[in-house]
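The values are calculated or read from the model by the stated rules, or taken from the named source; none is laboratory data. Bear in mind the structure is a predicted one, so any value in this text is a computation, not a measurement. A quick note on method: Cβ atoms are made from the backbone with ideal geometry, for glycine too, and the neighbour counts reach across all protein chains shown.
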Amino acid sequence: MSFRPLHDRVLVRRIESDTKTKGGIIIPDTAKEKPMEGEIIAVGPGARDETGKVTPLDVKVGDRVLFGKWSGTEVKLDGEDYLIMKESDIMGVIEGGSVSAQAA
């Protein structure tokens, strides 16, 4: 696949969470929420400011990120599901390990 996001957009692949709870109960697909964690697959060159200067993005390919539940636009490329979103929709980069995020 060859896809290059424009401006300050990124291409994200969702990272599926475990299908079992800590107590060992298996969660069916119909009851699972969409993951809010993903891996950056491609990044755009950056946003332009008022003077036309390109400001590079803070995220890079391979970063694991957290994003909002309703962030991005779902697309299918080469038979795989991805999200295209602006960098501002990303809440943060996960520095090693995994995060269990729950909406308040």
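For GLU74, the test of being over 10 Å from the mean Cα position of the chain (by Cα) and at pLDDT 90 or above is passed.
Every residue, every condition in (1) on the phi > 0 side of the Ramachandran plot; (2) surrounded by 16 or more Cβ atoms within 10 Å (Cβ to Cβ), yes or no:
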{"position": "LEU57", "(1), (2)": "no, yes"}
{"position": "GLY62", "(1), (2)": "yes, no"}
{"position": "LEU66", "(1), (2)": "no, yes"}
{"position": "ASP78", "(1), (2)": "yes, no"}
{"position": "ASP81", "(1), (2)": "no, no"}
{"position": "GLU87", "(1), (2)": "no, yes"}
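Screening ARG64 on (1) modelled with pLDDT of 90 or more; (2) closer than 14 Å to ILE84 by Cβ shows it passes everything except condition (2).
When MET1 is tested against (1) of a type in the set (A, V, I, L, M, F, W, C); (2) under 12 Å from ASP89 (Cα atoms); (3) modelled with pLDDT under 90, just one condition goes unmet, and that condition is (2).
For the range 31-50, the candidate set comprises residues that are surrounded by 14 or more Cβ atoms within 10 Å (Cβ to Cβ) and of a type in the set (Asp, Glu); within that set, the residue that is modelled with the highest pLDDT is GLU39. What do you reckon, is MET91 modelled with pLDDT of 90 or more and surrounded by fewer than 18 Cβ atoms within 10 Å (Cβ to Cβ)? Against the criterion (modelled with pLDDT of 90 or more and surrounded by fewer than 18 Cβ atoms within 10 Å (Cβ to Cβ)), MET91 qualifies.
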